[in-house]
Amino acid sequence: HISMAEGKPQDAIEQWRAADVGRCTYCAPIGLGMTYDLTGDADSAIAYFGKYVSTPSVDRPAQDEFYLAGAHKRLGELYEAKGEKSKALSHYLTFVELWKKADPELQPMVAKVREAIKRVQDTEGSR
């Protein structure tokens, strides 16, 4: 996180890769996903965010409260940008389900994702 904040994404990638050992199989993927996202490498960001959201673990709830919904939202955005509407829709819907009871100050973000869902559904229907 420090290397990312210092604007050193390559250092962050090396550090996340070095940390990708042991029993925490979901710890490094979220960091790698965020770092690749910041560098504009959408395919790698999708791969690592995808690994994060699909890796089961009983220890994940502590990390999920900070990252899971955001990872789904970002995956939706990345897939939509690539034209992969069904994948985008799936991640957008998961985000909305996770945040449907979010605090009032977070509801504008939920509303934006609901708009994205409608946009994706509209473009899917016009095919």
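Some points to look at:
- Checked against (1) more than 23 Å from G7 (Cβ to Cβ); (2) surrounded by fewer than 21 Cβ atoms within 10 Å (Cβ to Cβ); (3) at pLDDT 95 or above, G70 passes all but a single condition, namely (1).
- For segment 91-108, taking the residues that are in contact (Cβ under 8 Å) with a residue 12 or more places away in the chain and more than 16 Å from E65 (Cα to Cα), the one that is most open to solvent (accessible area, probe 1.4 Å) is identified as L93.
- A residue that is among the aliphatic types (A, V, I, L, M) and open to solvent by less than 40 Å² (accessible area, probe 1.4 Å) cannot be found anywhere in segment 15-24.
- Residue in segment 18-25 that is more than 26 Å from L93 (Cβ to Cβ), among the hydrophobic types (A, V, I, L, M, F, W, C) and in contact (Cβ under 8 Å) with a residue 24 or more places away in the chain present: yes
- E65, sole failed condition from (1) of a type in the set (D, E); (2) loosely packed, with under 12 Cβ neighbours inside 10 Å; (3) under 22 Å from R17 (Cα atoms): (3)
- Only one of the numbered conditions (1) over 30 Å from Q10 (Cβ atoms); (2) of a type in the set (V, I, T); (3) touching a Phe, Trp or Tyr at 6+ places or on another chain (Cβ under 7 Å) is violated by I30, and that is (1).
The values are calculated or read from the model by the stated rules, or taken from the named source; none is laboratory data. Keep in mind the model is a prediction, meaning the values are calculated, not measured. Note: ideal-geometry Cβ built from the backbone for every residue, glycine included; neighbour counts use all protein chains shown. Remember, those area values only see protein heavy atoms, side chains included, never the ligands or the DNA or RNA. Shrake-Rupley method; radii C 1.70, N 1.55, O 1.52, S 1.80 Å.
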